[in-house]
Amino acid sequence: MAQPDCRRPGEEKVATHVVPAERDQRTVELSEKDLPLHCPAPGEPLWSRHPRVFLDVTRHGAVSCPYCGTRYVYKGAPRNAH
């Protein structure tokens, strides 16, 4: 069954591609247009949301959310550190 779209007007989905993973853990591939990254994503259903946390996926190329375990993988162009 498809989940309802709970985004606010004008919000876009953060994930560009969701990849199936082991143990029901989601893996989300991101590009530079998806930054800055925060979890939960705006498109997540309200019942599954946890406190918003901003994650630095560009430093190591991948990061997992400490609340839900969603793994984010950066597939965009390398970013310069400031």
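The values are calculated or read from the model by the stated rules, or taken from the named source; none is laboratory data. No experiment lies behind these values; they were computed from the predicted model shown. Positions of Cβ are backbone-derived with ideal geometry, glycine not excepted, and every protein chain shown enters the neighbour counts. What goes into the accessible areas is simple: the full protein's heavy atoms, side chains included, and nothing from ligands, DNA or RNA. Shrake-Rupley method; radii C 1.70, N 1.55, O 1.52, S 1.80 Å.
Structure notes:
- Comparison of HIS38, HIS50 shows that the only residue that is surrounded by fewer than 16 Cβ atoms within 10 Å (Cβ to Cβ), at pLDDT 90 or above and assigned to a loop (DSSP other than H, G, I, E, B) is HIS50.
- Residues within the range 69-82 that are open to solvent by 70 Å² or more (accessible area, probe 1.4 Å) and over 10 Å from the mean Cα position of the chain (by Cα), tallied: 6
- Of everything in the range 53-68 that is free of Cβ contacts under 8 Å to residues at least 24 places away in the same chain, part of a loop (DSSP other than H, G, I, E, B) and not basic (Lys, Arg), the residue that is least open to solvent (accessible area, probe 1.4 Å) is GLY61.
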